[in-house]
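Taking it in order: structure first as structure tokens, then the write-up.
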Amino acid sequence: MAKGDRRIKEALFIVHEGARDVGSLAGALSRRGYRLRTCLARREDVAALDALAPDLLVVLGGLLGANDEAEHPFIRDELALLGRRLKADRPTLGICLGGQLVAKALGARVHTGGAPELTWGPISLTEAGRGSALAHLGPEETAVVHWHNDSFELPAGAIHLASTEDCPNQAFSWGGRSLAVQFHPEVTASLMARWLAHARADSEARRAAIARMRADTARWSQTLERQTARCLNAWLDQVED
């Protein structure tokens with residue numbers, strides 16, 4: 001955007017669950033001058049959205065999977081929307097399920113495999129990752145939230161940015177202005193409290209994991225919120241019009 005341009009920028013969030021809480025991204029984007037809009041994919045017409053109109057598109061996580069088109073036909077609409085937007089190289093951020101949908105829209109496989117992650121922990125950055133905005137979320141800076149069963153392969157032409165021991169593909173960039181991450185940078189203490197209140201706790205191991213999540217949220221959430229804002233600002237400095 002040209003210097004001095006006072007046009008209000010719009011960030012469109014596609015969300016998949018009933019609560020339209022976008023975590024720390026809301027404050028970071030509002031401070032940067034964005035007007036926020038959400039679309040609840042389960043209830044609204046994703047096919048009617050203009051893929052190119054928002055200045056920023058953010059696709060968030062959810063309990064469903066990127067391969068669940070038969071049960072949730074709106075996933076096809078999301079993939080079509082992402083395909084148009086990615087082809088046009090418009091600023092796009094996919095988080096967890098959103099990252100999987102970005103990968104799938106680019107022709108990569110999304111699969112269930114390896115150990116499910118339910119933890120706070122670091123990401124390991126590749127050389128390209130250390131030179132990217134994700135450096136603000138590197139292991140020297142903060143832990144991040146890992147909460148997923150599925151994961152994505154890297155699309156053709158993607159730049160691999162981050163990994164963990166249990167999930168080798170934690171983040172990639174594609175084209176000039178698209179970023180997909182498997183982890184959750186948007187988590188705040190209040191958002192995690194709502195997630196954990198509805199989390200499955202049907203085994204001793206699961207209950208122990210939830211207890212660890214609560215303790216680590218108290219330890220790390222403020223740091224993650226600060227570092228996510230820095231990461232987001234650094235990325236937007238690179239990709240905004």
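The values are calculated or read from the model by the stated rules, or taken from the named source; none is laboratory data. On a predicted model such as this, the values are computed, not experimentally measured, just so you know. Every residue, glycine as well, gets a Cβ built from its backbone with ideal geometry; the counts of neighbours run over all protein chains shown.
Pairs linking a residue in the stretch 191-220 that is on the phi < 0 side of the Ramachandran plot to a residue that is among the acidic types (Asp, Glu) and surrounded by 12 or more Cβ atoms within 10 Å (Cβ to Cβ), with Cβ atoms under 9 Å and 6 or more positions apart or on different chains, are LEU191/ASP21; ARG194/ASP21.
Between LEU63, LEU12, LEU52, the distinction of being hydrophobic (A, V, I, L, M, F, W, C), touching a residue at least 40 places away in the same chain (Cβ under 8 Å) and in a loop (DSSP other than H, G, I, E, B) belongs to LEU63 only. Of the residues that sit in the stretch 104-143 and are of a type in the set (Asp, Glu) and not in a helix (DSSP H, G or I), which one is nearest to TRP220 (Cα to Cα)? Residue satisfying both the conditions and the ranking: GLU141. Residue pairs whose Cβ atoms lie under 9 Å apart, separated by 6 or more positions or on different chains, with the first residue in the stretch 78-107 and at negative phi and the second acidic (Asp, Glu) and assigned to a helix (DSSP H, G or I), are GLY98/GLU78; LEU101/GLU78; ALA105/GLU78.
Regarding the stretch 100-115, can at least one residue be identified that is farther than 29 Å from ASP55 by Cα and modelled with pLDDT of 95 or more? Within the stretch 100-115 (the criterion being farther than 29 Å from ASP55 by Cα and modelled with pLDDT of 95 or more), the answer is no, since none of the residues qualifies. Looking at ALA28, is it part of a helix (DSSP H, G or I), aliphatic (A, V, I, L, M), under 17 Å from VAL239 (Cα atoms) and modelled with pLDDT of 95 or more? So ALA28 passes the test.
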